[in-house]
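The values are calculated or read from the model by the stated rules, or taken from the named source; none is laboratory data. Since the model is a prediction, treat every value here as computed from it, not as a measurement. Reconstructed Cβ throughout: ideal geometry from the backbone, glycine too, with neighbour counts over all protein chains shown.
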Amino acid sequence: MTALAPDSFLSVFMIFCRVGGCLLMIPGFSSPRVPAQVRLLIALSVSLALTPLLLPQFQGKLDDNPATTLFFIVSESITGLVIGFLGRIFFFVLETVVNAASTMVGFGGMPGAVAEGVDPVPAVEALIMMSAAALVFAADMHWELFRGIVDSYARIPPGQGVGSQTALVRIVDQIGTAFVLGLRITSPFIVYAVAVNLAAGFANKLTPTIPVYFIATPFIMFGGLLMLYYISNEFMMQFLIGYVDYLRRG
């Protein structure tokens, strides 16, 4: 065993800290449906696969000082968590706007299976969230994520840290971008819900003896399903384009 072996093992662990922190937050890999042992194995496998590319980044930066080692562990872990959280924001926003749209159209009372989180959600929301997670893997965006992790070492060298101010600014910008995307792709449902509820309100005002809302609810839900059927492809494509843009720009 050479004298460089301990430093090499420590460098691999530092790579694991950033990769593991990212996979702990990024959509798909962080799902509660994925067992913790599988997630740990994926993080370890990715770290070992990226070691030949990233090992030169740590040359001369690690020593036997415990304080320096602890600083590197904390810094690399926080950097990975921030990178993963920036991608998680897209799914948080998608879940929020889809929940609002499904409630306005009348699907809020229909429970569905949980796809990403742990709380019960409407069936339409569960379907869309599961489709979004499946599309990320079907489009090979997980490979783009690994490429982004490698590129992050050029922007944020080991031990430098992402910085609290930079992280907060980046998170706020990402939330704004994701909400604009979410409102754009759910705007047809919002316009539809406002229009049909306004029409039902006028009809109920003209004929107060007829329970218009109870009669119109099945037709409103049927119209929402038709709209989802016709625009679901463009809906998911726009979301995937926005998510890919984040992965490529970082």
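Tabulated results
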{"quantity": "Scope region 56-108; condition in contact with a Phe, Trp or Tyr (Cβ under 8 Å, 6 or more places away or on another chain), closer than 16 Å to GLY148 by Cβ and surrounded by 21 or more Cβ atoms within 10 Å (Cβ to Cβ); matching residues", "calculated": "LEU86, GLY87, PHE90"}
{"quantity": "Boolean, SER30 is out of contact with any His (no Cβ under 8 Å at 6 or more places or on another chain), assigned to a helix (DSSP H, G or I) and modelled with pLDDT under 85", "calculated": "no"}
{"quantity": "TYR229 vs. criteria exposed (fewer than 14 other Cβ atoms within 10 Å of the Cβ), part of a helix (DSSP H, G or I) and either of a type in the set (Val, Ile, Thr) or more than 19 Å from the chain's Cα centre (by Cα) (or both)", "calculated": "yes"}
{"quantity": "Failed criterion for SER45 (all others in (1) more than 30 Å from ALA134 (Cβ to Cβ); (2) assigned to a helix (DSSP H, G or I) hold)", "calculated": "(1)"}
{"quantity": "The one condition in (1) part of a helix (DSSP H, G or I); (2) touching a residue at least 60 places away in the same chain (Cβ under 8 Å) that GLU125 fails to fulfil", "calculated": "(2)"}
{"quantity": "Set LEU247, LEU228: member being in contact with an Asp or Glu (Cβ under 6 Å, 6 or more places away or on another chain) and more than 14 Å from VAL93 (Cβ to Cβ)", "calculated": "LEU247"}
{"quantity": "Pair list, Cβ < 7 Å and 6+ apart or interchain, from region 77-95 residues that are free of Cβ contacts under 8 Å to residues at least 40 places away in the same chain to residues that are buried (at least 19 other Cβ atoms within 10 Å of the Cβ) and not small (Gly, Ala, Ser)", "calculated": "GLU95/GLU125; GLU95/MET129"}
{"quantity": "SER232 closer than 24 Å to VAL124 by Cα and either at pLDDT 85 or above or among the charged types (D, E, K, R) (or both)", "calculated": "no"}
{"quantity": "One residue from GLY159, GLY201 being modelled with pLDDT under 85 and surrounded by 14 or more Cβ atoms within 10 Å (Cβ to Cβ)", "calculated": "GLY159"}
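Let's see how each residue does on (1) of a type in the set (Val, Ile, Thr); (2) in contact (Cβ under 8 Å) with a residue 40 or more places away in the chain; (3) in contact with a Phe, Trp or Tyr (Cβ under 6 Å, 6 or more places away or on another chain); (4) under 26 Å from PRO32 (Cα atoms):
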position	(1), (2), (3), (4)
ALA154	no, no, no, no
SER164	no, no, no, no
GLN174	no, yes, no, yes
LEU183	no, yes, no, no
ALA203	no, no, no, no
